[in-house]
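Novice: There's a structure below that I have some questions on.
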Amino acid sequence: ILILFIIFLIAIFISNYFYSNNINSNKESNFNIENNIKTNSILVHQFLKNYKWQIEIPQIGLEANIEEGTNPEIINNYVGHFSQTGTMLGNIGLAAHNRGYQKNYFEKLKELKKGDKIYYSYYCVHKRYQVSELLIIEDTNWEVLDSSLNSELTLITCMENRPHLRRCIKAIEI
C-alpha cells in the first residue's frame, strides 16, 4: 500500500510538472510546482506518521520502534535493522542490546519459547510470526541473516558474559 501511495505521489509530481510547463513557463508556474511539491510532501508525512516501524513480543512485554542500521547510535536507542536484510519480504534481521545500556530491548529474549508470537509492523504492513528456532551462534556466523524466499524474522543479541556468542531467535510468518 505504501509503495502504491508513493507511486501515486510521484505521478502527481510528474503530471503537475508537465501541466505547469505546458501552460506557463514563467515564475508563477514554478511557484505552483513548488507549492504542489510542498503540499504533497506534507500529505506523505501525515500519512506516514500514523504508521511505525515496530516489533512487539507480548510474551516478554516488548514493544519497540525499529530504525535502519545496527551502529551503536541506533541500537543504544532502538531495535536496529540489519541493512542487508529485507524489510517486508524474505529474512528480516533485527538486533538490540540485552543488558548494560539504557535501552535493553532484547533483555528477555532468552525467555522466548518455540511457538511464541512476534508482531512486526513496517509502516502500514503488519505481519505475525511464530518462534521456530532458538539458537546460540558464534559472533562470526552471519549465515542466519542470509536472504530467504521464506518470510522469516531473525532476532540477534549478545550472550551474557560470552562475548564470542550471540543469541539468535528465528521466527516464521504465520
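Novice: Residue by residue through the stretch 92-107, which ³J(HN,Hα) values in whole Hz follow from phi under the Karplus form 6.51 cos²θ - 1.76 cosθ + 1.60 (θ = phi - 60°), with glycine and proline marked x?
Specialist: 9, x, 10, 9, 7, 6, 10, 5, x, 10, 5, 10, 10, 4, 9, 5
Novice: Aspartates and glutamates near Lys117 by alpha-carbon distance under 12 Å, same-chain residues fewer than 8 away left out - which ones?
Specialist: Glu56, Glu173
Novice: Another one. Take the residue pairs Lys110/Lys170; Lys103/Lys127; Lys127/Lys170; Lys52/Lys114 and return only those whose Cα atoms are more than 22 Å apart.
Specialist: In this structure, Lys103/Lys127; Lys52/Lys114 exceed 22 Å between Cα atoms.
Novice: Check each of the GluC sites (Glu not before Pro) in the stretch 127-162 and keep only those in coil by DSSP with at most 14 other C-beta atoms within 10 angstrom; list them in order.
Specialist: Qualifying residues, ordered by number: Glu160.
Novice: Also, I was wondering about something else. If I compute solvent accessible area with a 1.4 Å probe over the protein chains, what percent of it on the stretch 59-110 is carbon and sulfur?
Specialist: 42 percent
Novice: Near the amide H of Cys158, under 5 Å away, which other amide H atoms are found, from residues 5 or more places off or on another chain, if H is placed in the peptide plane?
Specialist: Asn98, Arg167
Novice: So who's got an amide H within less than 5 Å of the one on Lys52, skipping anything under 5 residues away but keeping other chains? H placed 1.01 Å off N, in plane.
Specialist: The answer is Tyr123.
Novice: Once you have the alpha carbon radius of gyration of the stretch 110-174, what is it after dividing by 2.2 N^0.38 Å, with N set to its residue count?
Specialist: Working it through for the stretch 110-174, the quotient is 1.17.
Novice: Per residue and in cubic angstrom, what volume does the convex hull of the Cα atoms of the stretch 60-174 have?
Specialist: Residue-normalised Cα hull volume stands at 97 Å³.
Novice: Just to check, using Stokes-Einstein with a Kirkwood Rh over alpha carbon pairs, what's the diffusion coefficient of the stretch 104-146 at 4 °C and 1.567 mPa s in µm²/s?
Specialist: My calculation gives 103 µm²/s for D.
Novice: Quick one, can you get me the convex hull of the C-alpha atoms of the stretch 82-126 expressed as volume per residue in Å³?
Specialist: 109 Å³
The values are calculated or read from the model by the stated rules, or taken from the named source; none is laboratory data. What you see is a predicted model, and the numbers here were worked out from it, not measured in a lab. Positions of Cβ are generated from backbone atoms using ideal geometry, with glycine treated the same way; all protein chains shown enter the neighbour counts. Side chains are part of the model used for accessible areas, which takes the heavy atoms of the whole protein and leaves out ligands, DNA and RNA. Shrake-Rupley method; radii C 1.70, N 1.55, O 1.52, S 1.80 Å.
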